[in-house]
Amino acid sequence: MKKVILILFCSMLFVGCGKVEYKNITAKEVLEEVDKNDYFILDVRSNLEFKQGHLGNAINVDVEELNENILDLIPNKERKILVYCQSGNRSKIASERLVSYGYTHVYNMVGGITAYEEVSK
């Protein structure tokens, strides 16, 4: 019986280890880290929101249009990708999609550009 429990426990550990998930990052961490690291910055707000202001070097792909064609824009699935929107809801959806497409270093900015603007004052 102990062997069966041990085997089941080890199997559960093994299965859980392979799952890739996005990571949440705070606006303060973005302010401190992004310039120091090579991130692809992805703004998933609408084109109109993007035109009203965005993070430097950000590329705009509306979350509604984010699909597997992103592979053409970001072919390296191991590239660090910072995803943000206005408040964090759309970037969470986009981050989940990017992980499902095979990207392994996806960072969701919690609180979105609103939080970033607050900490950068």
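The values are calculated or read from the model by the stated rules, or taken from the named source; none is laboratory data. Computed from a predicted model, the values in this text were never measured in an experiment. Positions of Cβ are backbone-derived with ideal geometry, glycine not excepted, and every protein chain shown enters the neighbour counts. Ligands, DNA and RNA are excluded from the accessible area calculation, which covers all protein heavy atoms including side chains. Shrake-Rupley method; radii C 1.70, N 1.55, O 1.52, S 1.80 Å.
A few points about this structure:
- Restricting segment 70-115 to residues that are polar (S, T, N, Q) and closer than 16 Å to LYS23 by Cβ, the residue that is most open to solvent (accessible area, probe 1.4 Å): SER100
- Residue selected from segment 21-66 under the condition basic (Lys, Arg) and in contact (Cβ under 8 Å) with a residue 24 or more places away in the chain, by the criterion farthest from GLY102 (Cα to Cα): LYS28
- Test result for SER46, more than 13 Å from the chain's Cα centre (by Cα), over 22 Å from LYS19 (Cβ atoms) and at pLDDT 95 or above: yes
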